[in-house]
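Worksheet for the structure shown next.
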Ligand SMILES: Cc1cc2nc3c(=O)[nH]c(=O)nc-3n(C[C@H](O)[C@H](O)[C@H](O)COP(=O)(O)O)c2cc1C
């Protein structure tokens, strides 16, 4: 039997309290059958919870408040809704995991638990694969992590490293062009030079951030170049295989995609072999290529820090630290046409605005909460708004602006489409720590105003406060 435990808890809840509550709830069920513990995003770093999960030998998973709020639970609570943005954590977590609820919500002073039984695997695995084999694949995918800390001072055996590289080298590639190479870097002098480059980029990124977000960023570790025994530069030779590589002619990007897939193969195999991998992209790739003395036709795609670790965290570090939140899968799946969102088997919601208005639940990162000043333009470049660290321009005109992460191009063809795109803008800012959006419509048209209306709706759905630049609830218009 495989049990799943849903847990809601306040910050600082002790291991003892959680353990006593769980033992009482399990009454008659075996703690060793607990394979999964599920809680709401943001609680996974609680020391008491982590100790409980370790003592059970279970895996810890999180769900967003939005995902939890969509589960039909026997004992919803308005009180919990006000605190957590969902009427249930413990029971909803059990139901969300696909388990049958065996023990409804039990409560202690600071926590709630519910227990469910996962269904026996009925669905057969692929021919030649036992059900357990398939489960291991899903497990490795779920438990792969970007690792930046906790590396051990232990060399990586050559046969182990070769296995990992073989797996990377087996990746699919456009026209079987296999455009990757792996440069293994152990030399400390080289790694120091690369580390200096990353530090310079880290400083530049920090300087670009609004104040609150910057202090949150200061607490984050973004690389382990000097903390790992091995760095691997994964490169791309975009011309490999000559002129007639099958499938590449119409979309040259497929060459770089192929290298990224090789990196993912490496990452997953390393996970199963107990090696932590951290991808560092705080570089201008040409600078790393120069340090490594790469030939001119070879480009850097990924720079990886690799080493043995004792353990892998249950959730991404950026989620644990509150820097970013996961986007629900249901936002990412469109049925037949863009905007018709819904998971397989669900009735898709045709208008994202309706979906947003219904959701009413937070999917928001919380570290270094930021306010964004959003200028909605039609064709203007909005350059003056980009001089502000908190400035972001949304341009709705048909002409594509030059690439700039400060300018979101949302070419809406109708006012309705503009509303939908506005909802998306707000919803997609929330998981990146945005807690407030101040909107100014610079060039009022029905399209720009529709987009601003969508931002209001999207903000509502994600717990992001949206107001006009005049400080009132209405979107203000520039006098220009
Ligand atoms: C292309 C790419 C570049 C990345 N660059 C960095 C980086 O420079 N520093 C860092 O700390 N993490 C980096 N990451 C790791 C992501 O932050 C991480 O994958 C994400 O937060 C999800 O966490 P998980 O990989 O543990 O699931 C990168 C990941 C990818 C795919």
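Values in this text are rule-based calculations from the coordinates and carry no lab data. Note that the structure is predicted; figures quoted are calculated from it, not measured. Heads up, the Cβs are rebuilt from the backbone with ideal geometry, glycines too, and the neighbour counts pull from every protein chain shown.
Most exposed first by the Cβ proxy, i.e. fewest other Cβ within 10 Å, how do 409, 180, 338 rank?
By the 10 Å Cβ count, ascending: 338, 409, 180.
Only counting other Cβ atoms within 10 Å, I'd like 105, 193, 221 sorted with the fewest neighbours first.
The order, fewest Cβ neighbours first, is 221, 193, 105.
Starting from the 7 Å offset along Cα-to-Cβ, what nm value, one decimal, do you get for the label separation of residue 162 and residue 343?
4.4 nm
Among DSSP beta bridges whose residues both lie in segment 329-477, state the antiparallel percentage, nearest 5.
Percent antiparallel among DSSP bridges in segment 329-477 is about 10.
Counting other beta carbons within 10 Å of each Cβ, put 456, 282, 205 in order, fewest first.
Least to most surrounded, the residues fall as 205, 282, 456.
Can you classify the chain as rounded, prolate or oblate using the Cα gyration tensor, where a ≥ b ≥ c are the square roots of its eigenvalues, rounded means a/c under 1.5, and otherwise it's prolate if a/b beats b/c and oblate if not?
oblate
Helix-only mean residue ellipticity at 222 nm, the chain, DSSP H runs n ≥ 4 weighted -39,500 (n - 2.57), per residue, nearest 500. What is it?
Rounded to the nearest 500, the figure is -10500 deg cm²/dmol.
Round to a whole angstrom and tell me the spacing of the C-alpha centers of segment 144-159 and segment 397-451.
Here the answer is 42 Å between Cα centres.
Rounded, prolate or oblate: pick one for segment 232-341, where a ≥ b ≥ c are the square roots of the eigenvalues of its C-alpha gyration tensor, a/c under 1.5 means rounded, and failing that, prolate if a/b is larger than b/c, else oblate.
Because a/c hits 1.5 or more and a/b fails to exceed b/c, segment 232-341 counts as oblate.
Between segment 330-347 and segment 58-132, what is the C-alpha centre distance in whole Å?
When both Cα centres are located, 23 Å separates them.
Mark the label point 7 Å from the Cα of residue 383 along Cα→Cβ and return the residues of segment 427-447 whose backbone N is within less than 19 Å of it.
Counting backbone N atoms under 19 Å from the label point, the list is 442-443.
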